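Worksheet for the structure shown next.
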Amino acid sequence: MIQRYQLLIRDRHGFERTVPLTRSVTLGRQSLCDVVLSDSMISRNHLRLELRDDTWWAEDLQTTHGSFYKDKQLGRVAWEPDTPLRLADGAYTLTLLSTSQTSSELHLQAILETAQLLAQEVDLEDLLEQSLDRLLAISGTDRGFLMLLEDGELQTRVQRNLGHELEGAIHLSLSSVRSVFETGDPIWILNVADDHHLSNQQSIMRLELKTILCLPLVLQGRRIGVVYLDSRRPIIEPPDRETFEAIVALCAIAIERTRLSEENLRSQVLATVGQVSSSIVHDFKNGLFVLRGHADLLGLSTNDHKIRHHCQKILECVDRLTHLSQDVLDYAKVREPHRVAMDLKPFLEAILEPMVPRAAELGVSLRAEGGPCRVALDPARFTRVVENLLTNALDAMTDMSGEVLVSWNRVTSGVQISVRDNGKGIPKRLQKRIFEPFFSHGKKKGTGLGMATVKKIIEEHGGTLEFMSEEGKGTDILIVLPDHEGGGRTAVDESTGKHRALDPESP
């Protein structure tokens, strides 16, 4: 019989999960911790659990909201099994469980606990975090990452204890990891010393690695990702390979199930948007038009400043609701852009001009940078794109020394437009969702359709939209509009009022 330990974690809402404890671990809010606790009351590195001479020690890492053991604030203490330990005034309650199990019982329990992932209703990001935590704990390894196939490329979705640059932090090159994904052949090295070819390599000596596991995530013969795990310590009780591969397969099923569920939900949202726009939005806008007219008349018919103030508040609400209605209509309909040839410089400068006073109130420098550059676009639709991006950029400013820069230049594939700010940035875990309809981040009054509409309008122009963002450093939105091709391109000549052929390269 083998003495085993588990960590039972209960959050403030009563949700429970267990994590096998085979080694010392750090708990906290940041993604590099061994066990991630996402509550905002938890510090980035909150608690350290250390195993010494068959005794578990708990140490609070000088946190803001503290840790408590037997109703006393915790510094460092020997932790008795079955005795609760509270973090951050009850954000989480931890209990150390001790059991004596045979190897077979341990394997069965690991499979059953992993199978629980299939029954949980959590979002994909949380599921990936839990899956990697479980695989690290069961394998006894120290570090790892999990990649998923997205848009034809393997993308790192979650990692532990590896830093931001994977290449160089792991022994295997990322090309070797991709090879595991492409071939489906896992790498299973429990003791590097037994592999003379690996043990003599400089990267192994530098990183002092003892164990390397790299397995594909496979579902019904289709590979959806790959998981990499390694350890600087020899694993005293290595996992049974067949059992561990079965657990990885269960994780793959849970991940794909959650991903399909989220995609289905997005499809339902899109269908709902279409139904709403066709059934009530037009009538809603008509009602707002009548409301605006009466508020205008009331304001003009009185000299009472209080009545005029209330009329203005009504008009502001009408404007916001009208904007929301238009967002719904714009997102629900596919429209062919009514392109007009124009110079980007005066067009973009005209959009920026009315927003400069608001930027000045925030202490933000709002400026445009670029020379004459002709392009064919739908001015009304594209104005909404730029206004949405500028509004988001200004909302992202957190101090009085920010800058928002709109720049443009001609590139090989057309014209590139950049909207860059040095504001608070977008958290990495949310970056995949910013183009989702009805998803809003950092706004109290956001409709959640702004960025979804921006992306849709740009795609209608045949363009592409990308963004780069780093939390605390800012965001850069890049738009590339292709030169509009095809015969018979025409636009109104500003000087004659007649139609002429468009040539984006002409002055």
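The values are calculated or read from the model by the stated rules, or taken from the named source; none is laboratory data. Computed from a prediction, not measured in an experiment: that's the story for all the values here. In this analysis, Cβ positions are derived from the backbone assuming ideal geometry, glycine residues included, and neighbour counts consider all displayed protein chains. Keep in mind that these areas ignore ligands, DNA and RNA; they rest on the heavy atoms of the full protein, side chains included. Shrake-Rupley method; radii C 1.70, N 1.55, O 1.52, S 1.80 Å.
Of everything in the range 55-65, what is exposed (fewer than 12 other Cβ atoms within 10 Å of the Cβ) and not hydroxyl-bearing (Ser, Thr, Tyr)? Give them in sequence order.
The one that is exposed (fewer than 12 other Cβ atoms within 10 Å of the Cβ) and not hydroxyl-bearing (Ser, Thr, Tyr): 62.
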**Report entry** The listed residue being in a strand (DSSP E or B) and modelled with pLDDT of 90 or more, out of 93, 63
**Finding:** 93
Query raised in the report: Mind checking whether some residue in the range 196-208 is open to solvent by less than 70 Å² (accessible area, probe 1.4 Å), charged (D, E, K, R), over 27 Å from residue 433 (Cα atoms) and modelled with pLDDT under 85?
Result: no
**Report entry** Residues within the range 66-90 that are in a strand (DSSP E or B) and surrounded by 14 or more Cβ atoms within 10 Å (Cβ to Cβ), tallied
**Finding:** 8
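With the range 343-416 as the region, which helices (runs of 4 or more DSSP H) entirely inside it contain at least 1 residues that are under 14 Å from residue 479 (Cβ atoms)?
Per the criteria, 344-352, 379-395.
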Requested in this report: Among what's in the range 110-143 and is open to solvent by less than 30 Å² (accessible area, probe 1.4 Å) and farther than 17 Å from residue 228 by Cα, pick the residue that is modelled with the highest pLDDT.
Outcome: 124
Query raised in the report: Can you tell me which residues in the range 298-308 are surrounded by 11 or more Cβ atoms within 10 Å (Cβ to Cβ) and either in contact with a Phe, Trp or Tyr (Cβ under 6 Å, 6 or more places away or on another chain) or in a helix (DSSP H, G or I) (or both)?
Result: 298, 299, 307, 308
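If I ask for residues that are at pLDDT below 70 and either within 23 Å of residue 472 (Cβ to Cβ) or crowded, with 21+ Cβ neighbours inside 10 Å (or both), which ones from the range 438-460 would you list?
Start the filter on the range 438-460 by keeping residues that are at pLDDT below 70, which leaves 438-448.
439, 440, 441, 442, 443, 444, 446 - these are the residues of the range 438-460 that are at pLDDT below 70 and either within 23 Å of residue 472 (Cβ to Cβ) or crowded, with 21+ Cβ neighbours inside 10 Å (or both).
When you check residue 410 against the structure, is it under 26 Å from the mean Cα position of the chain (by Cα) and buried (at least 16 other Cβ atoms within 10 Å of the Cβ), yes or no?
Numbers: under 26 Å from the mean Cα position of the chain (by Cα): no; buried (at least 16 other Cβ atoms within 10 Å of the Cβ): yes.
For residue 410, the condition - under 26 Å from the mean Cα position of the chain (by Cα) and buried (at least 16 other Cβ atoms within 10 Å of the Cβ) - is not met.
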Report summary line: Checked pairs for the range 444-470, first aromatic (Phe, Trp, Tyr), second modelled with pLDDT of 85 or more and open to solvent by 10 Å² or more (accessible area, probe 1.4 Å), C-beta under 8 Å and 6 or more apart or across chains, list as 467/475; 467/476; 467/477; 467/478
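Mind listing just one residue for me: the one in the range 386-406 that is among the aliphatic types (A, V, I, L, M) and at pLDDT below 90 and, of those, nearest to residue 418 (Cα to Cα)? Give the steps one after another, and end with the answer.
Pass one, the range 386-406, residues among the aliphatic types (A, V, I, L, M): 386, 389-390, 393-394, 396-397, 400, 404-406.
Subset that is at pLDDT below 90: 393-394, 396-397, 400.
Numbers: 393: 12, 394: 15, 396: 16, 397: 17, 400: 22 Å.
Step by step, filter the range 386-406, then rank; the result is 393.
Filter the range 368-378 down to the residues that are open to solvent by less than 40 Å² (accessible area, probe 1.4 Å) and either at positive phi or out of contact with any His (no Cβ under 7 Å at 6 or more places or on another chain) (or both) and list them by number.
In the first step, residues of the range 368-378 are kept if they are open to solvent by less than 40 Å² (accessible area, probe 1.4 Å); the result is 368, 370-371, 373, 375-378.
Hits for the range 368-378 are 368, 370, 371, 373, 375.
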Report summary line: When (1) open to solvent by less than 20 Å² (accessible area, probe 1.4 Å); (2) over 22 Å from residue 126 (Cβ atoms); (3) in contact with a helix residue (DSSP H, G or I) (Cβ under 9 Å, 6 or more places away or on another chain) are applied to residue 4, the one that fails is (1)
Query raised in the report: Taking the range 399-419, which residues are under 19 Å from residue 468 (Cβ atoms) and not aliphatic (A, V, I, L, M)?
Result: 402, 403, 407, 408, 409, 413, 416, 418
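Looking at this structure, is residue 52 open to solvent by 40 Å² or more (accessible area, probe 1.4 Å), touching a Phe, Trp or Tyr at 6+ places or on another chain (Cβ under 9 Å) and not acidic (Asp, Glu)?
Values: open to solvent by 40 Å² or more (accessible area, probe 1.4 Å): yes; touching a Phe, Trp or Tyr at 6+ places or on another chain (Cβ under 9 Å): no; not acidic (Asp, Glu): yes.
No: the conditions fail for residue 52.
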